[in-house]
Amino acid sequence: MTIEKLEELIAETLACEVEEVKPEANLIEDLKADSLSIVELQMNIEDETGAKIPDDEIPNLHTVKDVYDAIQKYAA
């Protein structure tokens, strides 16, 4: 998955504008994600990429870049 595709997926999942979703954007502070939308994002990422990001890794994912790096790490 490219970073651009991830940005589109995040924008769709969090119901925000894709222009707001930048690699340095904080999921909670900048994109207004809450715990439920983070779980939804985790499931959407798994569906789209096959990457199973462990639940205990999720609290460490603060930015879009963090999520992208985790996808690369846990890709099937």
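The values are calculated or read from the model by the stated rules, or taken from the named source; none is laboratory data. Everything numeric here is computed off the predicted structure, so don't read it as measured data. Please note: Cβ atoms are built from the backbone with ideal geometry, for glycine as well, and neighbour counts cover all protein chains shown.
Scanning segment 36-75 for residues that are under 12 Å from the mean Cα position of the chain (by Cα) and of a type in the set (G, A, S) returns S37, A51, A70.
Has segment 14-30 got at least one residue that is assigned to a loop (DSSP other than H, G, I, E, B), under 15 Å from Y74 (Cα atoms) and not polar (S, T, N, Q)? So far as segment 14-30 goes, no, none of its residues is assigned to a loop (DSSP other than H, G, I, E, B), under 15 Å from Y74 (Cα atoms) and not polar (S, T, N, Q).
Evaluate the following for K5: is it outside any loop (DSSP other than H, G, I, E, B) and either under 21 Å from A75 (Cα atoms) or not aromatic (F, W, Y) (or both)? Yes; evaluated as a whole, the condition is true for this residue. For segment 49-63, a residue qualifies if it is over 19 Å from L36 (Cβ atoms) and in a helix (DSSP H, G or I), and exactly one does: T49.
The set of residues in segment 52-76 that are crowded, with 18+ Cβ neighbours inside 10 Å and either free of Cβ contacts under 8 Å to residues at least 40 places away in the same chain or among the aromatic types (F, W, Y) (or both) comprises I53, L61, Y68, A70.
Does T13 count as among the hydroxyl-bearing types (S, T, Y) and in contact (Cβ under 8 Å) with a residue 12 or more places away in the chain? Considered against the rule, which asks whether it is among the hydroxyl-bearing types (S, T, Y) and in contact (Cβ under 8 Å) with a residue 12 or more places away in the chain, T13 comes out as yes. Residues in segment 1-27 that are at pLDDT 95 or above, among the hydrophobic types (A, V, I, L, M, F, W, C) and either within 11 Å of the chain's Cα centre (by Cα) or under 21 Å from K52 (Cβ atoms) (or both): I3, L6, L9, I10, A11, L14, V21, A25, L27.
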